[in-house]
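Structure record follows, encoded as structure tokens.
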Amino acid sequence: MWTVARLARELAEGRTTSRALVEEALARIADPAGEGARAFLKVYAAQARADADHSDGLRRAGIVRSPVEGLPVSVKDLYDVGGDVTRAGSTLLKDAPPAPADAPAVARLRAAGAVLVGRTNMVEFAFGGVGLNPHYGTPRNPWDRKAGRVPGGSSSGAAVSVSDGMCVMGLGSDTRGSIRQPAALCGLAGWKPTQRRVPREGAFPLSFTLDTVGPLANSVGCCAAYDAVLAGETAAPLAGIPAKGLRLLVPRGALLEDLAPEVARAFDAALGKIARAGALLEERAVPAFDRQPEYFKGGGFAGAEAYAIHRRWQDRLAEYDPRVAQRVLLGKDIGAADYVDLLQLRAEYIRTVEALAAPYDALLMPTAPVVAPTIAEAGASDEAYFQWNARILRNPGVVNFLDGCAASIPCHAPGDAPVGLSLFGPAMSDRRVLAAAAAVERLLGAGD
């Protein structure tokens, strides 16, 4: 398992090189028995080798630009990479003009010494949580691969690129859980920062209000290292707070209802470990989290804003994934007054939850209430697809509507179906939530 901490030590001690790591990543991507052909839509092999050699040369000269210097990363296909066409997982945009420059998030990664190995597959236009893409195929979840399970979406290729050792970090985006629930379903760590901390320019939008830029990786520490780069902040270790004394709230209600048996077992076991370690767990009803049908009615912000973005292509809807086209068209019926009402509802919700969360280090919930279904099962019919999509997206969206931040960490037993545990908080509580997530991650026996 590649982590920033482990690889930084090996690079500093001369036990590996950036070029060696990149060659290993490229070999895994190219392996015909692997998922590289479905996880990646484009591979930057020659440029990655050149960038790795440059990083190794700087290191020999005593220059290390950041803790992620020389480490291979992938970027979701909705981010601009200068000179490339940004397709956003679609065929509609395949003949669009190339991007004139890197998106700021990509530029910051490059400036920190990260080596970009390729662009990853995704749900078309980021509008879906299952992970299916009929245009380019669907990368298979690392768990129970023979059965062919969904990776989660919309950052599907990002998750599989990390789980299969094709990179150290996959740059994803999160509008209603599109980083956290692929991380949960694939057994990874995922981080959704407060939206305003990382620039979204140069990323094809789904929702101007809810879209967020963040990493998927193998540990909270990895996510924190990349988060600092993406946010343009000085790299600093997370506060090493112990699990004992953490103040954590478990919101009883809709977020904990109808859990798959595997999720219920893993979540309850994790709460038991956290409590035995001396954390202060409080369970209480939070009615604000039970009102999601109001927050996402007709698609909510994403529905209205996606329709505004895509209406220029109404005469080309036949080129879309039909299920994405259905969701885009839902937003057509959201009126201006409905949108204003939703803004007011969100403001009330944020005030309520911020006041509720103030005494706690973080709130806890299962990241997704289900484990990954098979690709065949989720795609069997439109009815099956939309049912699975709604179930997978149910929990994480409360954080986007909050304008909050959230980590997902694995909490399942080795060998079991991957299950994610989410720690979250209101806007700008990012470093506290990350530190709390790292403490819980250590308690559950993972991370580096």
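What to note about this one:
- Neighbour-limited loop hits for trypsin sites (Lys or Arg not before Pro), region 348-398 (at most 15 other Cβ within 10 Å; DSSP other than H, G, I, E, B): none
- Per-pair calculated FRET efficiency, R0 = 45 Å: Ala336 and Arg247 via Cβ, rounded to 0.05: 0.60
- Whole-Hz ³J(HN,Hα) from phi, Karplus 6.51 cos²θ - 1.76 cosθ + 1.60, for region 68-80, glycine and proline x: 9, 3, x, 8, x, 9, 10, 10, 4, 5, 8, 8, 5
- Against the set (1) 19.6; (2) 23.4; (3) 27.1, the structure's computed mean projected area of the Cα convex hull in nm² falls on (1).
- Phi angles of region 90-102 translate, via the Karplus equation with coefficients 6.51, -1.76, 1.60 and θ = phi - 60°, into HN-Hα couplings of 10, 9, 4, 9, 5, 9, 5, x, x, 5, x, 7, 5 Hz per residue; Gly and Pro are given as x.
- Here's how it looks for Met169: its modeled amide H is under 5 Å from those of Ser74, which are all 5 or more places away or on a different chain.
- Helical mean residue ellipticity (222 nm; -39500 (n - 2.57) per DSSP H run of 4+; nearest 500) of the chain: -11500 deg cm²/dmol
- A Gaussian network model of the chain, with springs between Cα atoms under 10 Å, assigns the largest mean-square fluctuation among Asp382, Asp53, Asp80 to Asp382.
- Taking amide H positions as modeled 1.01 Å from N, with prolines and chain starts lacking one, the residues under 5 Å from Thr175 and 5 or more places away or on another chain are Thr212.
- Short-range pairs are left out: with C-alpha atoms under 8 Å and at least six residues apart, the relative contact order of the chain is 18 percent.
- By accessible area with a 1.4 Å probe, ligands and nucleic acids excluded, highest first: order of His412, His310, His54: His54, His412, His310
- Share of carbon and sulfur in the accessible heavy-atom surface of the chain [1.4 Å probe, %]: 54 percent
- For region 113-233: rounded, prolate or oblate by the Cα gyration tensor [a/c cutoff 1.5]: oblate
- Computed over the Cα atoms of region 43-201, pair by distinct pair, the Kirkwood hydrodynamic radius stands at 16.0 angstrom.
- Pairs of lysines in the chain whose Cα atoms sit within less than 14 Å of one another amount to 4, provided the residues are eight or more positions apart or on different chains.
- Put Asp258, Asp56 in order of accessible area, highest first, and with a 1.4 Å probe you get Asp258, Asp56.
- For Gly118, neighbours were defined as the other residues whose beta-carbon sits under 12 Å from its Cβ, and their charges (Lys and Arg +1, Asp and Glu -1) total +2.
- Note on region 45-118 and region 242-259: Cα centroid distance 38 Å, given to the nearest whole angstrom.
- Take the chain with all the other protein chains still there, run a 1.4 Å probe, and you get 37 Å² of accessible area per residue.
- Whole-angstrom gap from region 373-433 to region 140-158, using each part's C-alpha centre: 14 Å
- Amide H contacts of Thr138 (H built 1.01 Å from N, under 5 Å, at least 5 apart or other chain): Asn133
The values are calculated or read from the model by the stated rules, or taken from the named source; none is laboratory data. Here the structure is a predicted model, which is why all the values come from computation and not from measurement. Using ideal geometry, Cβ is built from the backbone for each residue, glycine included, and neighbour counts are taken over all protein chains shown. To get the accessible areas, we keep the full protein, side chains included, count just its heavy atoms, and leave off ligands, DNA and RNA. Shrake-Rupley method; radii C 1.70, N 1.55, O 1.52, S 1.80 Å.
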